[in-house]
Amino acid sequence: MKRPYIESLIQARKSCRRFEKHSDEFPGKKEAITAICQAANSAPSAGNLQAYKCLVIHKKERIKRLAHYCQAFVRDADFVLMFFSDSASSSRKYRHHGALFATQDATIAATYAQLVGEEYGLGSCWIGIFNDAITSTFSIGDLSPIALIPFGIKEGKKTGIKLPDSPVEGTKHRKALTEVFVMDE
């Protein structure tokens, strides 16, 4: 019996710490970032609150600066998603469980992002430990950073990314991408 597509995708995804070194842009980069953000935005969340935000770091000089706060291999990534929990918004509804639910919301969204990155042929690696001083340079208000996900073309794969034929349209109500994702400038 043939393995279902999502199961195959999950089994194929591995942490990638070696990315192709090239210029800031490659064909399909903007489309990939958009699709990955849309997938993360579709992730389930407690009470459908989406109690997280995500900083999209896409400029090479900013990515290199980010690497100083975590792991050196990040400097070669093409873009990085930095997920933050929004405990305050979740706590208004869930009181003392709010912080936990906000962290869960952020981590589920980050996982969805990694799976769609794999679908596009991009490597990624979950980073959950970083220097606390990271928020002095990379932050969204007073939200707590939860995870960094660097994405890039896997080393040795010079053909770029593969774009799926068409996006899957969902019917559930989600926040607008601009409410959840912030482009780092």
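The residues of the range 82-140 that are in contact with a Pro (Cβ under 8 Å, 6 or more places away or on another chain) and aromatic (F, W, Y), listed by number, are F83, F84, Y120, F130, F138.
Scanning the range 59-68 turns up at least one residue that is over 21 Å from G156 (Cα atoms), in contact with a Leu (Cβ under 9 Å, 6 or more places away or on another chain) and crowded, with 20+ Cβ neighbours inside 10 Å. A count restricted to the range 128-185 and to residues that are within 16 Å of the chain's Cα centre (by Cα), among the hydroxyl-bearing types (S, T, Y) and modelled with pLDDT under 90 stands at 1. Could you grab me the full set of residues in the range 128-145 that are surrounded by 20 or more Cβ atoms within 10 Å (Cβ to Cβ) and either in a strand (DSSP E or B) or among the hydroxyl-bearing types (S, T, Y) (or both)? Listed by number, the list holds a single entry, P145.
Based on what the data block shows, is K14 modelled with pLDDT of 95 or more and either of a type in the set (K, R) or in contact with a helix residue (DSSP H, G or I) (Cβ under 9 Å, 6 or more places away or on another chain) (or both)? No; evaluated as a whole, the condition is false for this residue.
The values are calculated or read from the model by the stated rules, or taken from the named source; none is laboratory data. Note that this is a predicted model, so its numbers are computed, not measured. As a convention, Cβ positions derive from the backbone with ideal geometry for all residues, glycine included, and neighbour counts pool all protein chains shown.
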